[in-house]
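One structure below.
The values are calculated or read from the model by the stated rules, or taken from the named source; none is laboratory data. Remember, it's a predicted structure, so these values are computed and weren't measured experimentally. Positions of Cβ are backbone-derived with ideal geometry, glycine not excepted, and every protein chain shown enters the neighbour counts.
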Amino acid sequence: MPKEEKVILFVDDKNFYHGARRAFFPSDSPHYYGQINPIELGKLISARSLPTHTRQLHQVRVYTGAPEATKDPKTFSAHTKQRIFWKSIGAEVISRTLRYPEDWPSSKAEQKGVDVALAVDFVAFAIDGEYDVGVIASTDSDLKPALEYVWSKCHGKCHIEVATWNNPLKRSRLSISGCNVWCHWLERADFDSIADLTDYNF
């Protein structure tokens, strides 16, 4: 009987969203082009297993920067609706409040601590045996140390993979030296099958 592997997907929300927009859409496309249903993404990736293994999606964790209600109430409201949707379909949502520079809104608010939260959980969950397969959906190079640690300390105990969009103009993925980390290259058809084109501003 094929071995069943427990999968946890770690989604870097903004990185993955902007990656989809760069790969498949003109820059002036509606802002909701690039949004995805994270649970459907998890199902898509989990279904791509080896013949000798079956995969069970155990959890989808979405890491995101949250606007501040007092500074940007419209964006805060839209993002809150999106987070409520993610939770309603079963995703775990981990948010960190955006940092606003002194000259905001001339300068954009920045995400701080989102990649750190993802990296810490990816490592901690591996150590605790929470997953057989941990998949990071991101191209953020700041996450490489987490991949390197899990590969070096938990090799044989669990398996690491990454996911990214197959941008026809510029292919980019997370990788680490000395390890052939499997990458799920996601095509436009994959995006269409998991897209969430809801305009949360309304």
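Considering the range 104-144 alone, what residues qualify as being surrounded by fewer than 22 Cβ atoms within 10 Å (Cβ to Cβ), in contact with a strand residue (DSSP E or B) (Cβ under 8 Å, 6 or more places away or on another chain) and of a type in the set (Gly, Ala, Ser)? Those that are surrounded by fewer than 22 Cβ atoms within 10 Å (Cβ to Cβ), in contact with a strand residue (DSSP E or B) (Cβ under 8 Å, 6 or more places away or on another chain) and of a type in the set (Gly, Ala, Ser): ALA109, GLY113, ALA117, GLY129.
When the range 106-151 is filtered for residues that are at pLDDT 95 or above, among the small types (Gly, Ala, Ser) and over 28 Å from ASP190 (Cα atoms), the ones remaining, listed by number, are ALA124, GLY129. Would you mind stating whether THR70 is in a strand (DSSP E or B) and among the polar types (S, T, N, Q)? Answer is no for this residue. Can you find a residue that is farther than 27 Å from VAL133 by Cα, modelled with pLDDT under 95 and more than 18 Å from the chain's Cα centre (by Cα) anywhere in the range 81-95? No, because not a single residue in the range 81-95 is farther than 27 Å from VAL133 by Cα, modelled with pLDDT under 95 and more than 18 Å from the chain's Cα centre (by Cα).
Pairing residues of the range 84-98 that are touching a residue at least 40 places away in the same chain (Cβ under 8 Å) with residues that are β-branched (Val, Ile, Thr) and assigned to a loop (DSSP other than H, G, I, E, B), at Cβ distances under 8 Å and at least 6 apart in sequence or on separate chains, gives PHE85/THR198. If you check PHE76 against the conditions, is it in a helix (DSSP H, G or I), out of contact with any Lys or Arg (no Cβ under 9 Å at 6 or more places or on another chain) and under 22 Å from GLU40 (Cβ atoms)? No; evaluated as a whole, the condition is false for this residue. Restricting attention to the range 172-195, the residues that are touching a residue at least 12 places away in the same chain (Cβ under 8 Å) and either aliphatic (A, V, I, L, M) or under 22 Å from ASP115 (Cα atoms) (or both) total 14.
Applying the condition of being part of a loop (DSSP other than H, G, I, E, B), in contact with an Asp or Glu (Cβ under 8 Å, 6 or more places away or on another chain) and buried (at least 16 other Cβ atoms within 10 Å of the Cβ) to the range 1-60 and asking which residue is modelled with the lowest pLDDT yields SER49.
What's the total number of residues in the range 146-165 that are surrounded by fewer than 20 Cβ atoms within 10 Å (Cβ to Cβ) and in contact with a helix residue (DSSP H, G or I) (Cβ under 7 Å, 6 or more places away or on another chain)?
Initial filter on the range 146-165 (surrounded by fewer than 20 Cβ atoms within 10 Å (Cβ to Cβ)): 148-149, 151-157, 161.
Narrowing the set further to residues that are in contact with a helix residue (DSSP H, G or I) (Cβ under 7 Å, 6 or more places away or on another chain) leaves 149, 154.
Total satisfying the criteria: 2.
Within the range 61-79, the residues that satisfy the criterion of being touching a helix residue (DSSP H, G or I) at 6+ places or on another chain (Cβ under 7 Å) and either surrounded by fewer than 16 Cβ atoms within 10 Å (Cβ to Cβ) or among the hydrophobic types (A, V, I, L, M, F, W, C) (or both) are VAL62, ALA66, GLU68, ALA69. Once the range 84-99 is narrowed to residues that are within 15 Å of GLY65 (Cα to Cα) and either of a type in the set (A, V, I, L, M) or out of contact with any Pro (no Cβ under 9 Å at 6 or more places or on another chain) (or both), the residue that is surrounded by the most Cβ atoms within 10 Å (Cβ to Cβ) is LEU98.
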